1. Being of a type outside the set (S, T, N, Q) and under 19 Å from residue 131 (Cβ atoms): is that true of residue 17 here?
2. In the list 27, 14, which residue meets the criterion of being surrounded by 21 or more Cβ atoms within 10 Å (Cβ to Cβ), of a type in the set (Val, Ile, Thr), within 14 Å of the ligand (Cβ to nearest atom) and at pLDDT 95 or above?
3. Give the number of residues within segment 170-213 that are within 26 Å of residue 28 (Cβ to Cβ) and either among the hydrophobic types (A, V, I, L, M, F, W, C) or not in a loop (DSSP other than H, G, I, E, B) (or both).
4. Every residue in segment 49-77 that is surrounded by 16 or more Cβ atoms within 10 Å (Cβ to Cβ), within 12 Å of the ligand (Cβ to nearest atom) and not in a loop (DSSP other than H, G, I, E, B), please.
5. Test residue 101 against the stated conditions and say whether it is closer than 26 Å to residue 261 by Cβ, without any contact (Cβ under 8 Å) to a residue 60 or more places away in the chain and open to solvent by 20 Å² or more (accessible area, probe 1.4 Å).
6. I'd like to know if segment 104-114 contains one or more residues that are among the hydroxyl-bearing types (Ser, Thr, Tyr), open to solvent by 60 Å² or more (accessible area, probe 1.4 Å) and either over 18 Å from the mean Cα position of the chain (by Cα) or more than 11 Å from the ligand (Cβ to nearest atom) (or both).
7. Within segment 148-167, is even one residue charged (D, E, K, R), in contact with a Gly (Cβ under 6 Å, 6 or more places away or on another chain) and modelled with pLDDT of 95 or more?
8. Does any residue in segment 146-161 that is within 10 Å of the ligand (Cβ to nearest atom) and open to solvent by 30 Å² or more (accessible area, probe 1.4 Å) come within less than 7 Å, Cβ to Cβ, of a residue that is of a type in the set (Gly, Ala, Ser) and not in a loop (DSSP other than H, G, I, E, B) six or more places away or on a different chain, and which pairs are these?
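The values are calculated or read from the model by the stated rules, or taken from the named source; none is laboratory data. If you're wondering where the values come from, they're calculated on a predicted model, not measured in any experiment. As a convention, Cβ positions derive from the backbone with ideal geometry for all residues, glycine included, and neighbour counts pool all protein chains shown. SASA here: full protein model, heavy atoms, side chains in, ligands and nucleic acids out. Shrake-Rupley method; radii C 1.70, N 1.55, O 1.52, S 1.80 Å.
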Amino acid sequence: MQIIRDIATLHRAVDALKRDGKSVALVPTMGALHDGHLSLVRMGKRVADHVIVSIFVNPTQFGPNEDFAAYPRDEARDAALLADEGVALLWAPYVAVMYPAGHSTHIEVAELGADYCGAARPGHFDGVATVVAKLFNQARADIAIFGEKDWQQLAIIRRMARDLDFKLDILGAPIARDTDGLALSSRNAYLSEAQRAAATALPTALKAAAVAIAGGADVGESLAVAEKAIIAGGFDSIDYVALADADSLERLSIFRTPARLLAAARIGKTRLIDNLAVG
Ligand code: PAF
């Protein structure tokens, strides 16, 4: 597996992979890889001839009081995992390559980025949309694959690609979960043993709310029950628990499909997100 850090070499390597009409799938990541990321790579291998993975801890999607400096980084371990999966190329640019001095263009997906995580993390999705657009232009893949765990991010990236006429298919991969239901996340590494045990309250409460809402229960009441269960389970605070239109992300007070339950809650200093399809 080639590890590439500059754009000219990347373009040559991608041209070589695409020779003879071969297709390429891109899996953008921030590293600290877990089985969830590897499931995206495996999906890439099923849908394309070659898989490129990017590892870039993107400073512009972290707020001033967030965990950019502390974000887990272990490129050697990540590279070994990717090589074992048969990844063709690891794109791991330095910050100065991604954002050379004077970089001043940003993308804002206004309608979808304001609520939910966008409200709790101002500027976060502008940073995500901007770096993902750059990754699309750099890797020139035919397909890009993102986890459904960050449903809002996936919706924003789809809208950005549509609005800016990117010519690639965007696939969402189902959330990879631990045996007790907790969604796999690089941030789970921050949890103490007790917090890790308590964290299952999030998927458990969402599942109960999804079943209740699909069965005709009142949306507002079901969300309130879920919030209480998450706090009773050991979380310290809730950023949001909401029922949303799965595509437009409009908040729904009356159930209709396609709908998604979205949640973010904090346990200690760690903020966890999760979501589920309803109906
Ligand atoms: O989901 C992530 O890991 C990041 O937000 C992404 C899409 C790689 C952009 O930095």
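1. Numbers: of a type outside the set (S, T, N, Q): yes; under 19 Å from residue 131 (Cβ atoms): no.
No: the conditions fail for residue 17.
2. On the way: 14 fails: within 14 Å of the ligand (Cβ to nearest atom).
Going through 27, 14 in turn, the sole match is 27.
3. So the answer is 20.
4. 53, 54, 55, 60, 61
5. On the way: closer than 26 Å to residue 261 by Cβ: no; without any contact (Cβ under 8 Å) to a residue 60 or more places away in the chain: yes; open to solvent by 20 Å² or more (accessible area, probe 1.4 Å): yes.
Against the criterion (closer than 26 Å to residue 261 by Cβ, without any contact (Cβ under 8 Å) to a residue 60 or more places away in the chain and open to solvent by 20 Å² or more (accessible area, probe 1.4 Å)), residue 101 does not qualify.
6. We begin by selecting, within segment 104-114, every residue among the hydroxyl-bearing types (Ser, Thr, Tyr); these are 104-105.
If we keep only those that are open to solvent by 60 Å² or more (accessible area, probe 1.4 Å) too, we end up with 104-105.
With the extra rule that they be either over 18 Å from the mean Cα position of the chain (by Cα) or more than 11 Å from the ligand (Cβ to nearest atom) (or both), the set shrinks to 104-105.
Looking for residues that are among the hydroxyl-bearing types (Ser, Thr, Tyr), open to solvent by 60 Å² or more (accessible area, probe 1.4 Å) and either over 18 Å from the mean Cα position of the chain (by Cα) or more than 11 Å from the ligand (Cβ to nearest atom) (or both), one finds at least one in segment 104-114, hence yes.
7. Looking only at segment 148-167, we keep the residues that are charged (D, E, K, R), and these are 148-150, 158-159, 162-163, 165, 167.
Cutting the leftovers down to in contact with a Gly (Cβ under 6 Å, 6 or more places away or on another chain) gives us 148.
Subsequent filtering for residues that are modelled with pLDDT of 95 or more retains 148.
Within segment 148-167, one or more residues are charged (D, E, K, R), in contact with a Gly (Cβ under 6 Å, 6 or more places away or on another chain) and modelled with pLDDT of 95 or more.
8. Note: pairs meeting the criteria are 149/36; 149/183.
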